[in-house]
Amino acid sequence: MIAAIVDGMLVMLSITFLCGYLYQVFIRKSAKMNLEGAGLLCLLAMVLMDMIPVYVQGKAVGNGIHMRIGLLLYLFCAGIQRLKKDHSRQSRELYFIRQMNPHFIFNTLGTIRIVTKTNANLAYDMLYDFSKCLRAMFRPFLNSDPIPFKEEAAHIISYTNLEKIRFGSHITVRMEITEDDFLLPPLSVQPLVENAIRYGLQRGRRKGVVTVRSYQTASEYIVQVEDDGTGFNIAGCCLRGDNGPEAGGLQRVRYRVEHMAGGYVDIRSIEGTGTVITLHFPKGKKGIVKI
């Protein structure tokens, strides 16, 4: 009697898990068929092998051996899938850490060292901005929760303050913020400003303006980073390459916007004229909500 009850509960749980998983895959489109899904299908097949004799041959209950084997296979597949997911996440985070720009850190420390001899108050302000930049850089690896855009904007200001001390009047940064009361993944915008300065202005050895603007529409929050620098050839730019504007910052931004926020990135660039990168954050998706 107890075995029959346990087998019946296993049947209901198996069917419930499978229906929920298939709903995620085919209805909500929020999951993909993977090793765990294959394990669920295997479990259901094993359950049916025990249930068919009950209804077709008139037996009171199947012996349950197939159910138990199916459950073990499912748990094995689910465990392997979780290990693969954790390994993929750790590999991606390590890759992003390697992509961090060490030159900015070393150059900033060198500039602070020089400024301390001539202007103590300026060095104090630089250390404050630098500490805020470091905190923002490491935050995604400690906590991936979305942050208010006003915090991201403050990080951008701290970063550009440091860069303007190094490059003086060669860099002008404009903040045209009309909407900052929403959430987004950390470091979704600052890497674009860094790219605009490094690739658009510094590489071209020219003075220039970087403009950061934000606003909202009926369905989206929009953030744009525009520069009047050298621009680049979008068609010839490899997303996963090791060189060019897509190599570090933009790749990380794409991942955060598309996979963490359910949005998308629009890139428009003309060589010799400049670049405009627009981030689209749909309202009400994956935590991108009004505060």
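Numbers at a glance
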read-out	value
Tensor-based shape of segment 103-195 (alpha-carbon gyration tensor, a/c under 1.5 rounded, otherwise prolate or oblate)	prolate
Neighbourhood charge, 11 Å Cβ-Cβ cut-off, centred on Glu163 and excluding it, Lys, Arg +1 and Asp, Glu -1	+1
Rg to Rh quotient for segment 101-282, alpha carbon positions, Kirkwood Rh	0.96
Burial order of peptide ranges 259-269, 146-156, 185-195 (average beta-carbon count within 10 Å, highest first)	185-195, 146-156, 259-269
Taking segment 101-282 and dividing mean pair separation by its residue count, relative contact order in percent (alpha carbons under 8 Å, at least six apart)	18
Sum of side-chain charges, Tyr215 neighbourhood, beta-carbon under 11 Å (Lys, Arg +1; Asp, Glu -1)	-3
Sum of side-chain charges, Gly231 neighbourhood, beta-carbon under 10 Å (Lys, Arg +1; Asp, Glu -1)	-2
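Computed from the coordinates by the stated procedures, all read-outs in this text should not be read as laboratory data. Worth saying up front: this structure is predicted, and the values here are computed from it rather than measured. Cβ sites come from the backbone with ideal geometry, for glycine too, and all protein chains shown count toward neighbours.
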